[in-house]
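I have placed the structure first, in the form of structure tokens, so that the comments after it can refer back to it.
The values are calculated or read from the model by the stated rules, or taken from the named source; none is laboratory data. Note that this is a predicted model, so its numbers are computed, not measured. No Cβ is skipped: glycine too gets one built from the backbone with ideal geometry, and neighbour counts run over all protein chains shown. In case anyone asks, the SASA skips ligands and DNA or RNA and just uses the protein heavy atoms, side chains included. Shrake-Rupley method; radii C 1.70, N 1.55, O 1.52, S 1.80 Å.
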Amino acid sequence: MEQRGHLETAGSRSSAPDELSHPFSKFSEWKFKLFRVRSIEKAPLPSDQCLEREARKEEVPSATAKEVQGEAKAPLGSVMRLCLGGKSKENVEGPGRSVDLKLQEIDTHMNHLKCLCRLCGFMLRKAKGPEYEVHGVLDEASRCALRRMGCKALIWPEVILKVFKVDVTTDLETVHPSSFCHRCWMAAMRGGGFCSFSRTRVPDWRPHTSQCQLCFPKKLSLQRRGRKRSKPLRGAHSLPKRAKRDHYNSSTPVGANKIWRQSAEHPGTAALKTRLKPSAQRSLWVRTITHCQKEHLSTKLLPEELPPDFLRAVTCQVCDHLLADPVQSPCQHLFCRSCILKFNRALGSHCPACTLPYDVSDLTSPAKAFLGILHSLPLLCPKEGCGERVKLDSFRDHYHDHFCKENTNEEQNNAEQNLDCYLPVNKGGRPRQHLLSLTRRAQKHRLKELKNQVKMFADKEEGGDIKSVCLTLFLLALRAGNEHKLADELEAMMQGRGYGLHPAVCLAIRVNTFLSCSQYHKMYRTVKATSGRQIFQPLHTLRSAEKELLPGFHPFEWQPALKNVSSSWDVGIIDGLSGSSTSVDDFPADTISRRFRYDVALVSTLKDLEEDIMEGLREKELDDSACTSGFTVVIKESCDGMGDVSEKHGGGPAVPEKAVRFSFTVMSISVQAEGEDEAVTIYQELKPNSELSCRPLCLMFVDESDHETLTAILGPVVAERKAMQESRLILSIGGMLRSFRFHFRGTGYDEKMVRELEGLEASGSTYICTLCDSTRAEASHNMVLHSITRSHEENLERYEIWRTNPFSESVEELRDRVKGVSAKPFMETQPTLDALHCDIGNATEFYKIFQDEIGEMYLKNSPAREERRRWRSALDKQLRKKMKLKPVMRMNGNYARRLMTREAVEAVCELVPSQERREALRELMELYLQMKPVWRSTCPAQECPDQLCRYSYNSQQLAELLSTTFKYRYDGKITNYLHKTLAHVPEIVERDGSIGAWASEGNESGNKLFRRFRKMNARQSKTFELEDVLKHHWLYTSKYLQKFMEAHKNSAKALQATIHPDETQDDLDMNSQIPDF
């Protein structure tokens, strides 16, 4: 794909935690080996040892001798063992001199890199402003600024990858600069963390060579530059070149930046230069790598009476300082944690002491006994006049006390000395004008000195951020003058909360309060005119925020490509009838339907869950290298009719009065880690039956009983679903390309929809169950002992038998053979039980039992219809009086839940004349209430283990009670849901682990959302209203907007205080005006 280039990131990561290893340690080790080979290419021959012996006899200058005098004597060649991985003795003693020169060249090369910008290559000092670490974490100001523009990055490598298209995670300290300049930072800020509007060309950084452009720059032309060199006088004395070079070496201090270039004509030139001792050279080299001089304590602070072996035991083998946060290698050597990590990143994964290779994940913490001895070491306080011995663990606090006392004394002295500098000066003449009455030029002239002082302070303390310093001074002045209202507004603006809410917050408020565009715009203008501030964002800003949340914004790829599905990813809302296969005999479906493409909708949902996925990986402590097998996503599908949704407005073709919605829910996301037998779940939907987690895919004006139209609309959805099961999705999550596989489970269907999708006969059929082949008579005779036998494949085979009739049987014989299959199944459903409709169906049956018990049906054969109406009227009146249940509510989910309670049974028992029948009703309800939590709970093994263990026994008791006491009603007949409740619940729970989590309750709860969005947000046209309802319903279920609403759920009171500051009280309840989201 064309968009794939900026998504790809190369390289695999180590399995070690981030605090112990560089993410590309394998690559660094390979790079170090290459450097080790190249560094020995120009080693001198053994015949040149005479020159080396002469150079060895040269004296070290006095300044260097004083510096090295206190250092411990390291064996010859320790620098080579440090940087070359431990070569042989010949390489160390003979050619090692040239290798030491190579290290000095790389040291100088790294110093040059520190002065350059990683992204543009210019000098850092030429770019006015602070410097930024390439591998650092985003500072608070940058993170807030990028967050307001929609960028969710937390570290600079993610921003640099998106803006400059450069992967800096593979950088090496010896090849790439570690900082970037303020100009590149401004380019990233202008691009919002996604793109760059400047023409910044990132240089191609290469390792140091003998022709390095940084260390030995070349002129681009032969033209003479600068001042022409004058010829010497004829009689003047001139030194030869060798004498000049010796004179330069004797006058130039050790450590100067100039390095003699070694060439084939002068092989011994470098050997003539004064060398440091190996211990001093090692300290200088390691100091460049670790930069720990200001962080770690020197061994000189220890008392002199300690033995040398003990000193080596408490000293880091890398930096020669006292151990700080020590770690132990497999070869029993001790290092500071930060030093060994920087060493491994620069020079490879091997021990600096014995050159034994190891993995960074093998580093462990030393024994607690050793740590106790280390922390109790006595250190001499270096402060003059103190001389106190302090333990290592309390040394920093002790030295910090000295530092605080010195600063306090200096501030008092400076305040007394500079007091006269801030007194107002007026040398006479006309009265001094007020600052605000002057022109801008005069204001600049008067505040010139103060401006320079603020600029110096900002450059020294705040990285050149003059604006923040001035705003802070203004804020403190407002606080000092008790002008807290203006100070609060200024502080909100400084923290990124001023001048309006985030566009995503405004979008969430509009969607969750069901405001139309005109209503929101009216509120926006009213609040702006009343408060004088733009608190809400205009509509065009909200539309820009919508694009990122709706399907069709994020690029992706399928491997292999989906069959019969377009490879384009920027696809929004499409016609629901697009993609359906038609023939000459077919007629176009007379309906209106809108939907998202299935794969595009799943991509948008995964990007919406990106933060949750990354948080799950961090909680499970899973590294990216351990997730190479890809992620597994389990999808719950739901489809149900919404009943009569007729509206009296709008035009267009004649359409049915009923509507159907197809939706899906991401139930869980798991990953198979390397070396693990079981998959690890990194995301689990906590509220699978909420309308906030059920995402709409397709809306259509069609009756759910219309099998032909339903098949035509859902046919393309089924084809896309089947293609996705045979492929895997490649999507960028957390800055890396990751693979996803999907498992679809169609469980959110009621009895009627299952029979439509699987091609079974209607609910009144002789074959009562959609899970087994039992007839109604068999199910009533044996209520418990049944097993699941039906499946989608078996229904397809039975349909072929029904269509072809290969045995030439009669209609009744053929119907008995296919067990009620009368149409072609076109969508696979999971053989399960829908908990919501099971509750409603069983409540309907119990309502009829209550009605029959009130009229003593067990004593009568065939009561008249009027008599049954009187029983129902008495039952409705009693339930309305005792339970507040209105007959108009019968039979929805809330009515069913309140009817199936002990209180409802007690209210009904007041109308039952027989005491024996009352006890039977109470026992019947008690058994049902013990069984109900098993299929209603999300995880019955954890929430109700006792009821789960007793379920089979309770179902047997309930079946026996129905077949004896209530035999008059269950003699040869039984309802569908009651049969599934008694016979199939334990088998489904054992197979799936839950029934309640896979219910269609979330899809049913979305019916009221359809009506509200259609009434408040949709355009008044049959052609466009489904598109608007589908878009707003999708935004309503966005996890991203839900998090914003959760974070700003208390902002309603603050908003009211902003609009009407005088009328707002502290105890005002805002829930009546603005709902709590």
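Label positions at residue 926 and residue 386, each projected 7 Å from the Cα along the C-beta direction, are separated by 7.8 nm. Estimated at 0.36 nm per residue, the fully extended path between residue 406 and residue 848 surpasses their Cα-Cα distance by 150.2 nm. Peptides 347-359, 560-572, 826-838, 940-952 ranked from most to least packed give 826-838, 347-359, 940-952, 560-572, packing being the mean of other C-beta atoms within 10 angstrom over each peptide's residues.
Distance check, please: which entries in 687/932; 383/460; 152/1043; 607/687; 752/877; 547/1043 exceed 24 angstrom between their Cα atoms? The pairs that break the limit, which is 24 Å between Cα atoms, are 383/460; 752/877. Here segment 441-495 has 58 percent of its accessible surface on carbon and sulfur atoms, given a 1.4 Å probe and all protein chains in place.
Put simply, the amide H of residue 682, placed in the peptide plane, has neighbours under 5 Å in 669, 670, 671, leaving out anything fewer than 5 places away on its chain. Rolling a 1.4 Å probe over the protein heavy atoms gives segment 834-1017 an accessible area of 46 Å² per residue.
Measuring nothing but protein heavy atoms, the accessible surface of segment 830-873 at 1.4 Å probe radius is 43 percent carbon and sulfur. For the pairs 563/1022; 294/342; 658/881, note any where the Cα-Cα span goes beyond 23 Å. Check vs 23 Å cut-off fails for 563/1022; 658/881. Using a simple spin-label model with pseudo-atoms 7 Å out from Cα toward Cβ, residue 515 and residue 864 lie 6.2 nm apart. Accessible area per residue for segment 102-190, computed on protein heavy atoms with a 1.4 Å probe, is 44 Å².
Accessible surface area normalised per residue over segment 441-495 is 79 Å², counting heavy atoms of protein chains with a 1.4 Å rolling probe.
Judged by the mean number of other Cβ atoms found within 10 Å, the most tightly packed of the peptides 741-748, 443-450 leads the ranking 741-748, 443-450.
Spin-label model, residue 522 to residue 466: label points 7 Å out along the Cα-to-beta-carbon direction sit 4.9 nm apart. Measuring nothing but protein heavy atoms, the accessible surface of segment 503-546 at 1.4 Å probe radius is 55 percent carbon and sulfur. With the Kirkwood sum run over all distinct C-alpha pairs, segment 503-546 has a hydrodynamic radius of 10.4 Å. Highest mean first, the peptides 973-980, 364-371, 701-708 sorted by other C-beta atoms within 10 Å per residue fall in the order 973-980, 701-708, 364-371.
Charged side chains reduced to their Cβ positions (Lys and Arg at +1, Asp and Glu at -1) give segment 102-190 a dipole of some 540 debye around its Cα centre.
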